[in-house]
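**Student:** Sharing a structure with you now.
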């Protein structure tokens with residue numbers, strides 16, 4: 001106990017020192033809040049935004065994206081693709097080292113080499129690990145033998161067939177490199193003992209209270225002047241789950257960054273047209289722009305599951321009626337203060353290459369058509385239609401209650417069950433709820449990432465097909481897209497697939513989100529990208 005108390009005391013002193021005036025301490029700590037908690041720091045389980053954000057600080061992959069979503073080198077300084085598009089050969093940097101850890105020789109982080117990628121990617125597809133990112137390589141490789149360390153600086157991947165978005169896919173945080181000896185020592189506890197090669201190294205995580213990352217003094221990337229990255233000395237995250245309370249902390253300058261605007265304080269910050277109110281103009285930096293995020297309602301439709309057998313959502317006309325019953329334009333204006341674009345097209349969002357609102361037929365508000373579909377399904381005016389349980393998180397109560405009201409107007413009775421974000425995500429990932437509010441943020445900037453959510457081979461537990469969607473025509477087009485000759489041919493197939501999803505209606509596309517990021521005026525160097533990927537290695541705090 002004495003040792004534990006001593007360690008915690010040192011930690012408190014470190015954090016306190018970082019919070020003191022920069023003129024005396026010269027330490028810069030970037031303070032953020034993760035209001036929906038953090039499920040894991042293991043990149044193999046980076047399936048939601050906050051896990052992705054933190055993985056991006058601690059880990060690196062072969063490649064990375066810039067703010068324009070273009071692919072850039074990372075640990076791989078260059079790569080070659082065979083003429084048939086099935087063999088990818090990556091040439092690695094020789095100056096990338098893992099963070100120090102007692103389970104390396106002499107406790108010093110060793111160089112990251114090709115065999116580390118063999119291990120990391122093999123681990124990703126290992127059923128025993130049960131990574132939520134195993135779908136990344138689903139139907140693309142024959143097994144672990146697809147990953148080869150030619151030598152320490154050369155790593156290759158053999159695909160079973162061409163897959164045009166493959167390089168883009170490798171930018172996902174799931175594809176980060178991890179060290180075998182450390183992962184195997186900690187096992188499942190690697191989730192809170194992460195060791196990577198990224199710009200920040202793990203220091204401390206008390207779940208639900210505080211996370212601390214420290215500057216990686218041995219980090220390999222440099223800025224354009226040759227100065228080592230990152231600039232910040234530390235990153236500190238709190239876990240205040242009430243957004244309004246967290247916003248007050250931001251106003252008091254206890255947080256350097258605030259993401260999203262929710263709850264009763266939205267009108268205080270934003271006009272109905274989505275602009276910053278006069279009250280806060282100039283007090284902090286405000287950025288809003290589209291990003292690759294589809295907000296939706298998901299409906300579990302796999303009739304082989306016991307939970308679906310008595311669910312009215314197993315009927316397509318009921319699902320279509322739900323889609324027509326919701327006035328998305330009014331929802332965006334009055335509940336989102338115009339932050340977002342109504343989801344009138346498909347699941348692939350606005351801003352994604354290949355998106356075309358005129359060629360994908362989604363749903364617009366039509367309550368009369370919703371009532372007609374209900375009657376055709378055998379439930380005129382909703383008579384004898386069982387009550388449907390709608391699961392949502394505490395941070396989206398106002399939106400879900402609005403949807404409940406809209407559905408009630410056409411005769412669809414729902415009961416809202418509010419759950420903490422991490423708990424609901426766990427239920428969704430186990431096919432534990434019939435009707436839920438979901439968010440799909442791009443793991444990588446290609447429409448395939450969104451359509452993979454409906455590919456039958458990605459059904460739970462193998463991938464993110466949370467609705468249990470299974471359509472042979474969709475699967476055939478999905479597989480055909482692997483061999484498309486060019487991007488436009490591939491995008492055309494994507495739109496065909498999206499139209500199938502819309503017709504079958506396993507989801508309600510509510511809106512394509514916009515990022516709303518706020519920074520204190522003394523923060524600079526942050527990146528703004530359509531994935532809302534948090535990149536802190538170039539951030540400065542004056």
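The values are calculated or read from the model by the stated rules, or taken from the named source; none is laboratory data. Computed from a predicted model, the values in this text were never measured in an experiment. Using ideal geometry, Cβ is built from the backbone for each residue, glycine included, and neighbour counts are taken over all protein chains shown.
**Student:** Tell me, which residue of region 326-343 that is in contact with a strand residue (DSSP E or B) (Cβ under 9 Å, 6 or more places away or on another chain) and in a helix (DSSP H, G or I) is surrounded by the most Cβ atoms within 10 Å (Cβ to Cβ)?
**Tutor:** For region 326-343, the residue satisfying everything is 328.
**Student:** May I pose another question? Have a look at 56, 60 and point out the one that is buried (at least 22 other Cβ atoms within 10 Å of the Cβ) and touching a helix residue (DSSP H, G or I) at 6+ places or on another chain (Cβ under 7 Å). Before you say what the answer is, go through the steps one by one.
**Tutor:** Details: 60 fails: touching a helix residue (DSSP H, G or I) at 6+ places or on another chain (Cβ under 7 Å).
The conditions single out 56.
**Student:** Just to check your reading of the model, which residue among 250, 258 is outside the structural domain of residue 42 (by TED's automatic domain parsing), part of a helix (DSSP H, G or I) and surrounded by 18 or more Cβ atoms within 10 Å (Cβ to Cβ)? Outline the logic, then answer.
**Tutor:** Values: 258 fails: part of a helix (DSSP H, G or I).
Result: 250 is the single residue among 250, 258 that is outside the structural domain of residue 42 (by TED's automatic domain parsing), part of a helix (DSSP H, G or I) and surrounded by 18 or more Cβ atoms within 10 Å (Cβ to Cβ).
**Student:** Hey, among the residues in region 125-151 that are touching a residue at least 60 places away in the same chain (Cβ under 8 Å) and over 21 Å from residue 81 (Cβ atoms), which one's surrounded by the fewest Cβ atoms within 10 Å (Cβ to Cβ)?
**Tutor:** The residue in question is 130.
**Student:** Right, another one. In region 56-73, which residue that is part of a loop (DSSP other than H, G, I, E, B) and in contact with a strand residue (DSSP E or B) (Cβ under 9 Å, 6 or more places away or on another chain) is nearest to residue 526 (Cα to Cα)? So that I can check it myself, show each step before the final result.
**Tutor:** At the first step, the residues of region 56-73 found to be part of a loop (DSSP other than H, G, I, E, B) are 59-62, 66-70.
Those still in the list that are in contact with a strand residue (DSSP E or B) (Cβ under 9 Å, 6 or more places away or on another chain) too: 61-62, 66, 69.
Values: 61: 20, 62: 22, 66: 12, 69: 15 Å.
Top of the filtered list is 66.
**Student:** Take the residues in region 411-439 that are in contact with a strand residue (DSSP E or B) (Cβ under 6 Å, 6 or more places away or on another chain), surrounded by 19 or more Cβ atoms within 10 Å (Cβ to Cβ) and within 22 Å of residue 208 (Cβ to Cβ), then tell me which one is modelled with the lowest pLDDT.
**Tutor:** Only one residue tops the list, namely 421.
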